[in-house]
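Reviewing the structure listed below.
The values are calculated or read from the model by the stated rules, or taken from the named source; none is laboratory data. Since this is a predicted model, take the numbers as computed values, not measurements. Every residue, glycine among them, receives a Cβ derived from its backbone with ideal geometry; neighbour counts consider all protein chains shown.
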Amino acid sequence: MPRRLSPLLLAVLAVLVALLAPAAAHAAWFPGEALDGPSADVVAVDDLDIARDGTGAVVWRRVVDGTPHVFVSRLAGGAWRPAERLDTGILEGAEEAAVGVADGGRVAVAWVSGSRVFGAFAPAGTGLQPFAGPTLVGDTPGAPSSGLDLDMGINGTAFAVWRGLGGGGADVLAARLKGTTWSPVSGPLDIAASNAAGADTGRPRVAVDAAGTPLVVWGENGGVFARRVIGLAPSQYPAAVSLPDLGPADLPEVDVEEDGSFGWVAFRQRDPNGPRALARRIRGLAFDQPFVLDTGAGAGPPRVSINGRGSGAAVVPAGGGAVLFDDVLPGNVFSAPGRVDTQGGDGLPDVGLAESDSRDLAVAWRRPEGEAGGSVLARYRPSGKPWEDETLLSPPDFGPVAPGSLHVGANRNGDVAVAMLQGGPADHRVVVASYDLPPGRAFPSAAGGWVKESEPVLRWLGGNDLWGLDGYQVLIDGAVAGTTAGGTKALQAPAPLADGTHTMQVITVDRRGQAVPSGVRKFNIDTVLPTATLGASGSPRKGRPVRVQVTAADTGSGVAAVAVDYGDRTKRGTAADTVHRWARPGSYTITATVADRAGNAATATATVRIRR
């Protein structure tokens, strides 16, 4: 007989539930954690990228043997992994670096060392794969390169763009990573060979669509231009983005949908009263009319983030430390700008944003306080809900955040990472803060509601987390029955349970201790076999009807099915009362199988002799 849990043990387990089972969690910002430092050798945080599946990477530069070199930390399972140096063997220092990440942990990194641009990559795979490279992807001797940017599409193709020495003093150049090969794009992207393209605040930017086709934007001859790259060749015609009837334009930013025919370019352009922030949507080969992103002259560099389906937003730094925000509304128009921060400061803040596939949105900004830089704050807006409270992300004990070091990225579910360089010159740190959603809810799936084992294996679905699932706590009848680690979604009851009705509940716990309980699901145990008797009556002769009767009963879950095997390889009967005819004389054993709803089965047999 199954052993019942004693009332005392049930009471003890109830106490354990109160002590061990975490309360349901609410999504929250988690202040920055240091990935490197404090050290005077940490000189810059260059870039951050988060893939749709939650893998990611942050790249920074640290002094080794007197010159800055390139380091990266990869994000897997919600945890930042130890730093890896990528430019081993290159004696020259690195002046800039950029990173792109795609699902499966595929990472591409590019950096500038003097006039040369190098690339390295790690392939997708189960677990972190080793980096390949460095590979020389471009060199224009005679002047240093700069303005580096890199983006990777969801298919794993990446493009790096930068300014190199060229016609008029500067050209916009590009290289592609496809599979395991870095290849230069044939020729510069400039609209005119004699112009200085991509220089200073006209530095290029790139976004890559799902097909691996990039849209590149840059400043040239006082305007902002855009051009696609088809394979390894620039498209035939560049497009003018800035407006010819206004003043000089610069600081372009770009993001595209998965269908690269659509995207947004944001830029700054002067009108008679000062700089303004504008945005234009690209459709195919043409740009729509521009939208004004600010509320008056004095705007800083705008930022734009568009998810794969075209939902997105822009943020603009404005005078007095204000952070202005614009939504992409249905019909692909921008909303009127509004303010997202609650307190200002002196000068223009640094701003960043990310919109996820789930349409959750995060905006972060560095408040411009003092010459050494200020603090980083952020707000989060879940899809379809109001903005949450403003939150300080930079730990005050780490010191001020360096200007130009703020980077924001998000995965498809809406988890967000914010990277920054924090501290004074002698104690710089690479710091990453996170908005970490609670794990998903689990769904208990006791099959059919009935089981026949007194120590059943209980299973569930769901309960996932892109950023680090710690495991599950399983409650039976309100008491902790056990835990499973990682993604294991099954637990056997630790002791026999009595026949009858029981409940199970699964609490999903992530690596930060955030917990989400499932609903309570009933299941029933029936370990007792049904009863079955079998009889046959009638004329036991060849071809004559014989009535076969099965008497079935079950006091637990109830009879679910009856099957009758007549012993002559004919089709089985499925009712308790059937009539059968045997085609040949002989002795036949009739077998009746009775199954209950829990899966218990009993059999009964009878022998009939069929005469001619």
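Close contacts from the range 543-559, counting a first residue that is free of Cβ contacts under 8 Å to residues at least 24 places away in the same chain and a second that is crowded, with 17+ Cβ neighbours inside 10 Å and assigned to a loop (DSSP other than H, G, I, E, B), with Cβ to Cβ under 8 Å and a gap of 6+ residues or different chains, come to Ala553/Pro530. Looking across Asp436, Asp389, Asp397, Asp427, one residue alone is acidic (Asp, Glu) and closer than 26 Å to Asp151 by Cβ. It is Asp436.
With of a type in the set (Ser, Thr, Tyr), outside any strand (DSSP E or B) and on the phi < 0 side of the Ramachandran plot as the only criterion, which of Ser587, Ser557 stands out? Can you show your working first?
Numbers: Ser587 fails: outside any strand (DSSP E or B).
After applying the criteria, what remains is Ser557.
Considering (1) surrounded by fewer than 17 Cβ atoms within 10 Å (Cβ to Cβ); (2) closer than 19 Å to Ala44 by Cβ; (3) under 25 Å from the mean Cα position of the chain (by Cα), the lone condition that Thr88 does not fulfil carries the number (3). Scanning the range 200-226 for residues that are surrounded by fewer than 22 Cβ atoms within 10 Å (Cβ to Cβ) and over 20 Å from Arg276 (Cα atoms) gives Ala210, Ala211, Gly212, Thr213.
When each of Thr488, Thr533, Thr484, Thr501 is tested for being over 21 Å from Thr555 (Cα atoms) and part of a strand (DSSP E or B), the lone residue that passes is Thr484. Listed by first and then second residue, the pairs linking a residue in the range 231-248 that is free of Cβ contacts under 8 Å to residues at least 12 places away in the same chain to a residue that is among the basic types (Lys, Arg), with Cβ atoms under 7 Å apart and 6 or more places separating them unless they lie on different chains, are Ser235/Arg227; Ser235/Arg228.
I'd like to check something: does the range 515-525 contain any residue that is aromatic (Phe, Trp, Tyr), in a strand (DSSP E or B) and in contact (Cβ under 8 Å) with a residue 24 or more places away in the chain? Show your work before the answer.
As a first pass, look at the range 515-525 and keep what is aromatic (Phe, Trp, Tyr): 523.
Next, from what is left, pick out any that are in a strand (DSSP E or B): 523.
Then keep just the ones that are in contact (Cβ under 8 Å) with a residue 24 or more places away in the chain; that gives 523.
Looking for residues that are aromatic (Phe, Trp, Tyr), in a strand (DSSP E or B) and in contact (Cβ under 8 Å) with a residue 24 or more places away in the chain, one finds at least one in the range 515-525, hence yes.
Among the residues making up the range 481-493, a single one is over 15 Å from Ala442 (Cβ atoms) and either crowded, with 17+ Cβ neighbours inside 10 Å or in contact with a helix residue (DSSP H, G or I) (Cβ under 7 Å, 6 or more places away or on another chain) (or both): Ala493.
Out of curiosity, is Leu393 at pLDDT 95 or above, touching a Ser or Thr at 6+ places or on another chain (Cβ under 9 Å) and not hydroxyl-bearing (Ser, Thr, Tyr)? Please lay out each step first, then the result.
On the way: at pLDDT 95 or above: yes; touching a Ser or Thr at 6+ places or on another chain (Cβ under 9 Å): yes; not hydroxyl-bearing (Ser, Thr, Tyr): yes.
In short, yes.
In contact with a Gly (Cβ under 8 Å, 6 or more places away or on another chain) and either at pLDDT below 95 or more than 25 Å from Gly468 (Cβ to Cβ) (or both): is that true of Ala402 in this structure?
Numbers: in contact with a Gly (Cβ under 8 Å, 6 or more places away or on another chain): yes; either at pLDDT below 95 or more than 25 Å from Gly468 (Cβ to Cβ) (or both): yes.
Yes.
Restricting the range 390-436 to residues that are among the charged types (D, E, K, R) and under 23 Å from the mean Cα position of the chain (by Cα), the residue that is surrounded by the fewest Cβ atoms within 10 Å (Cβ to Cβ) is Arg412. Gly32 falls short on exactly one of the conditions (1) buried (at least 17 other Cβ atoms within 10 Å of the Cβ); (2) modelled with pLDDT under 95; (3) more than 22 Å from Pro400 (Cβ to Cβ); (4) not β-branched (Val, Ile, Thr), and that condition is (3). Counting only strands (runs of 3 or more DSSP E) that sit completely within the range 279-366, those holding 1 or more residues that are among the aliphatic types (A, V, I, L, M), farther than 27 Å from Val401 by Cα and modelled with pLDDT under 95 correspond to 323-329. Just checking, does the range 449-467 include any residue being closer than 24 Å to Thr55 by Cα, out of contact with any Gly (no Cβ under 9 Å at 6 or more places or on another chain) and assigned to a loop (DSSP other than H, G, I, E, B)? Checking the range 449-467: not a single residue is closer than 24 Å to Thr55 by Cα, out of contact with any Gly (no Cβ under 9 Å at 6 or more places or on another chain) and assigned to a loop (DSSP other than H, G, I, E, B). Here Arg280 qualifies as basic (Lys, Arg), within 19 Å of Asp327 (Cβ to Cβ) and under 31 Å from the mean Cα position of the chain (by Cα).
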